[in-house]
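What follows is a single structure, and I will ask about it in a moment.
Any read-out appearing in this document is the output of simple, stated calculations on the displayed coordinates, not a laboratory observation. Just so it is clear, the model here is predicted, and its values are computed rather than measured. Because the Cβ atoms are built from the backbone with ideal geometry, glycine has one as well, and the counts that use them run over all protein chains shown.
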Amino acid sequence: MGNVIVHALRGIDLIVEEGDFVAIMGASGSGKSTLMNLLGCLDQPTSGEYYLDGESVNAMSKDDYAHIRNEKIGFVFQGFNLLPRTSTVENVELPLVYDHTERIRDSQAAAIDALIRVGLGDRLDHEPSQLSGGQQQRVAIARALVNKPAMILADEPTGNLDSRTSVDVMSLFQQLNEQGITIILVTHEPDIALYTKRIVEMKDGLIIRDAQIQKRKNAKKDLQALDNTAASSVVEIIEQVDTHPKSKR
């Protein structure tokens, strides 16, 4: 920043094993965004080494970085970043447009498979405006999965969602993680972080805590409990209406 050097990260060490599920937390300015940009090959570190899937990426060209991002990383954003007036299948296909490796020959079939995987097999032709917030985020997750990445990076994926939908999305993330997908998630919500396996807390460019979660929350069970509570509330309201005497004119 002009003549001022800002040390966004200060010599941190972080190892994420295949199949891990990590929540990165910290206040604004703690270094979360810089760390995610480095992990996602959007920025290059000024010093140190970064190995992705066993391969050093530090000295790569911009084209190589773009190739690595497209082949090995899936991104999920807080704002969904879906194209309007475009079907869910076409939105999910988008990363494959830039894949010149021909790893995936039939992009439409791959997109449909990804949508089925996130529970949207019956919404293939819907546009974003025809979907709920939770469904839009599921489309975004399908888009992150379509290129069969080594890792998914999710930046505040529940930030724009209500409580129930947030738990629903975390249930999907837990399901995908159980299938072996590595997930790194940034969140400022402690209750959301408890659905992951491990919390990395940052402050002033440093990692001040890196701990496994001892009492991990089960999103599927929490979702069932929320639905049962909501159903009970509806029944109670209906009973109150049925037993209330009708007014006379």
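Under 11 Å from the Cβ of ALA114, count the other residues' Cβ atoms, weight Lys and Arg +1, Asp and Glu -1, and hand me the total.
+2
Just checking my list (1) 63, 46, 38; (2) 81, 45, 37; (3) 61, 47, 45 against Cα extents along the principal axes in Å computed from this structure; which label fits?
(2)
What residues qualify as long-range amide H neighbours of GLY26, i.e. H under 5 Å apart, gap of 5 or more or another chain, H built at 1.01 Å from N?
Correct list: MET202.
Quick one: check the C-alpha center-to-center distance for the range 30-59 versus the range 89-115, whole angstrom.
26
While we're on this one: Which ³J(HN,Hα) values in Hz, rounded to whole numbers, follow from the phi angles of the range 164-174 under the Karplus curve 6.51 cos²θ - 1.76 cosθ + 1.60, where θ = phi - 60° and Gly and Pro get x?
Each residue's phi maps through the Karplus curve to give 5, 5, 4, 5, 4, 5, 5, 5, 5, 4, 4 Hz.
As a test of the formula, what do you get for the chain when each DSSP H run with n ≥ 4 contributes -39,500 (n - 2.57) and the sum is divided by the residue count, at 222 nm and rounded to the nearest 500 deg cm²/dmol?
Theoretical 222 nm ellipticity from helices: -12500 deg cm²/dmol.
In terms of modelled amide H atoms, which long-range or inter-chain residues lie less than 5 Å from the amide H of LEU52?
For LEU52, whose amide H was placed from the backbone, the distant partners under 5 Å are VAL57.
Another question, if that's okay. What is the packing order of peptides 157-166, 208-217, taking the mean over residues of other C-beta atoms within 10 Å and listing the highest first?
Highest mean packing first, the order is 157-166, 208-217.
Which ³J(HN,Hα) values in Hz, rounded to whole numbers, follow from the phi angles of the range 85-98 under the Karplus curve 6.51 cos²θ - 1.76 cosθ + 1.60, where θ = phi - 60° and Gly and Pro get x?
Going residue by residue, I get 6, 9, 5, 4, 4, 5, 5, 6, 5, 3, x, 6, 4, 9 Hz, with x marking Gly and Pro.
Can I get the semi-axes of the range 1-56's equivalent ellipsoid? Compute them from the C-alpha gyration tensor as square roots of 5 times the eigenvalues, in angstrom, largest first.
22, 15, 9
List the residues whose amide H sits under 5 Å from the amide H of VAL76, counting only those 5 or more places along or on another chain, with H placed 1.01 Å from N in the peptide plane.
Here the answer is LEU153, ALA154, ASP155, since their amide H atoms fall under 5 Å of that of VAL76.
In debye, nearest 20: dipole of the chain around its Cα centre with unit charges on the Cβ of K, R (+) and D, E (-)?
With Lys and Arg at +1 and Asp and Glu at -1, about 760 debye.
Then there is this: Along the range 22-37, what does the Karplus equation 6.51 cos²θ - 1.76 cosθ + 1.60 (θ = phi - 60°) give for ³J(HN,Hα), rounded to whole Hz, x for Gly and Pro?
10, 9, 9, 10, x, 5, 4, x, 7, x, 4, 5, 4, 4, 5, 5
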